[in-house]
Amino acid sequence: MIYILFPLIGFIGMFSGGYWGVGCGWLIVPTMLIFGFTPNEAVGVGLLQMVPSILMSVIKDIKALEWKKESVATRLVIPLGFGAFLLAFSGKMVNRFFYERFGSIALLVIFCFFMMTLGLTVLFGKTSEYETKVPHITHEQSLAAFFMGNVVGVFSSVMGVGGAIFFRPILANIYKVPEAITAKCIRVLLLITTFTGGMYYTFSDGKADMTIITMSLLIAAGGMIGFPLGIKIHNKILANGYEKYVNKSFAIVTFIVLTNTILNIFGLVVFSRYLMITIAVLLFISINLFAKYTEKHKKINL
C-alpha cells in the first residue's frame, strides 16, 4: 500500500508545491505519521523528498533568471538564501531554549500568530500588478534581505517548516517582485532550504538514516511528475492574465498550516492528519478547475 500511496501523495502534494513554489510538508508529515513513522523521519522526508522532486525544474529556473549585478536574482535570491543557510542549523538549540522556558504550547501559539499574520499579509498586501514591472533593488534592500534570510533560517528550522513559505511574501509583498519572477526565485530558494534541512534530519545522528532516504525517493517518484505539472498550470494561469489571483491564493497554504497547528494544540491530532490529505486532494481538483476557468475567461493586461 505504501509503494502505491506514497508516490500518489508526492504527486498531489508537489503539484500544489509547483503551483505556488513551496514545499508540501503540511501533507507529507501527517501522512507519514498516520503510517507510524517517527516525527523526525516524517519531517526529514518532507524536506528531503523535495530535492529530487524539484531539481530539474530549478535547473531550468536558474538558467532562465538573470544573474546580472543589479538583477532581482542577484540582489535578493543570493542574500536571502545565504542568510537562511547560515542560521538553518541553529533551530535545534533555539527550539530547546524555548521549550525549556515556555513549553511546546507556547511555541505553537507563536507559530500560529506568525502564520496568521503571514496569511493576512498575502491576502490583503499590495503586490506587483503586472509581469513587466521589475523593481530596482538597492544595496540597502539587498542587505535587509540577508537579515530576513537569517530570520527565516532560524524560524523555519525551529518549527520544522520549509523557508519558501516565508520567502514568497517577502519577494511579492515587501519587494513587489512580479509573480513570474517570484515563482522562479522561490523555487531556487526552496531547493537551498529543503536540501539544507533534509541533510540535517538525515544525518542528525551522525550517520545516514536510510528510512528517510528510501521514503524520500519513493515520494519523489510522484513529486517529480507533480511539481513540473504544477508549474505548467501556474504559468498557464499567469498567461491568461490572473497573476494577482495566483499570488493572493497563496494565503490558502498559510491558513492550511495554521489550521493544522491549531487542531494539534487542541489535541485533534488524528483528525488534522486526515484533514490535510482531504484538503490536498481538493486543492488539486480546484486548481485544475480554476485553470480551465481562466482559459475560457482570459484577461488582457494593458
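The values are calculated or read from the model by the stated rules, or taken from the named source; none is laboratory data. Not measured: the values here are computed from a predicted model. Backbone-built Cβ (ideal geometry, glycine too); neighbour counts: all protein chains shown. The accessibility values were calculated without ligands, DNA or RNA, using every heavy atom of the protein model including side chains. Shrake-Rupley method; radii C 1.70, N 1.55, O 1.52, S 1.80 Å.
Multiply the residue gap between Leu282 and Ile213 by 0.36 nm, knock off their C-alpha separation, and tell me the result in nm, one decimal place.
My answer for the length gained is 22.0 nm.
Could you work out the helix-only [θ] at 222 nm for the chain, with each DSSP H run of four or more residues adding -39,500 (n - 2.57) and the total divided by the number of residues, to the nearest 500 deg cm²/dmol?
-25000 deg cm²/dmol
7 Å from Cα along Cα→Cβ at both Glu66 and Ile174: what's the point-to-point distance in nm?
Result for the modelled spin labels: 2.3 nm.
Enter the Cα centre distance for the pair segment 198-237 and segment 8-68, rounded to the nearest angstrom.
Centre-to-centre (Cα) distance: 5 Å.
How high is the relative contact order of the chain, given as a whole-number percent (alpha carbon pairs under 8 Å, six or more residues apart)?
37 percent
Would you calculate the separation in nanometres between label points at Lys298 and Gln141, each defined as 7 Å from the Cα along the Cα-to-beta-carbon direction?
For Lys298 paired with Gln141, the spin-label model returns 3.1 nm.
Quick one: Cα convex hull volume of segment 154-285, Å³ per residue?
Convex hull of Cα atoms, per residue: 136 Å³.
When the chain is fully extended, how far beyond the present Cα-Cα distance does Lys248 get from Leu86, taking 0.36 nm per residue of separation?
Here the answer is 55.3 nm.
Using DSSP loop states and a limit of at most 15 other Cβ atoms within 10 Å to flag trypsin sites (Lys or Arg not before Pro), what is the longest stretch of the chain containing no flagged site?
Maximal segment without exposed cleavage sites: 208-297.
So, with a 1.4 angstrom probe, what is the percent of accessible area on segment 170-302 that is carbon and sulfur?
Ligands and nucleic acids excluded, carbon and sulfur give 70 percent.
With each pseudo-label sitting 7 Å past Cα toward Cβ, what's the Lys126-Leu5 distance in nm, one decimal?
Between Lys126 and Leu5, the label points sit 4.8 nm apart.
Go through His136, His297 and list them by solvent-accessible area, largest first, probe radius 1.4 Å.
His136, His297
I'd like the accessible area for Glu66: 1.4 Å probe, protein heavy atoms, all chains in place, Å² to the nearest 10.
That residue has around 110 Å² of solvent-accessible surface.
Name the residue, out of Tyr245, Tyr175, Tyr19, whose mean-square fluctuation peaks in a Gaussian network model built on the chain with Cα pairs under 10 Å.
Tyr245
Order the peptides 252-258, 23-29 from the highest to the lowest mean number of other Cβ atoms within 10 Å of their residues.
23-29, 252-258
For the chain, with only Lys/Arg (+1) and Asp/Glu (-1) charged at the beta-carbon, what is the dipole magnitude about the Cα centre, in debye rounded to 20?
Here the chain has a charge dipole of around 640 debye.
Would you mind working out the accessible area per residue for segment 177-250, using a 1.4 Å probe, and quoting it in Å²?
Counting only protein heavy atoms, the per-residue value for segment 177-250 is 37 Å².
Looking at (1) 21.0, 71; (2) 18.3, 56; (3) 19.1, 61, which value of Rg and Dmax of the Cα atoms in Å comes from a calculation on the structure shown?
Comparing each candidate, only (2) matches the computed number.
When only DSSP loop residues count, what chymotrypsin sites (Phe, Trp or Tyr not before Pro) in segment 262-302 have their Cβ near at most 14 other Cβ atoms within 10 Å?
Here the sparse-neighbourhood loop sites are Phe266.
Under the rule of at least 5 residues apart or a separate chain, name every residue whose amide H is placed under 5 Å from the amide H of Tyr175.
none
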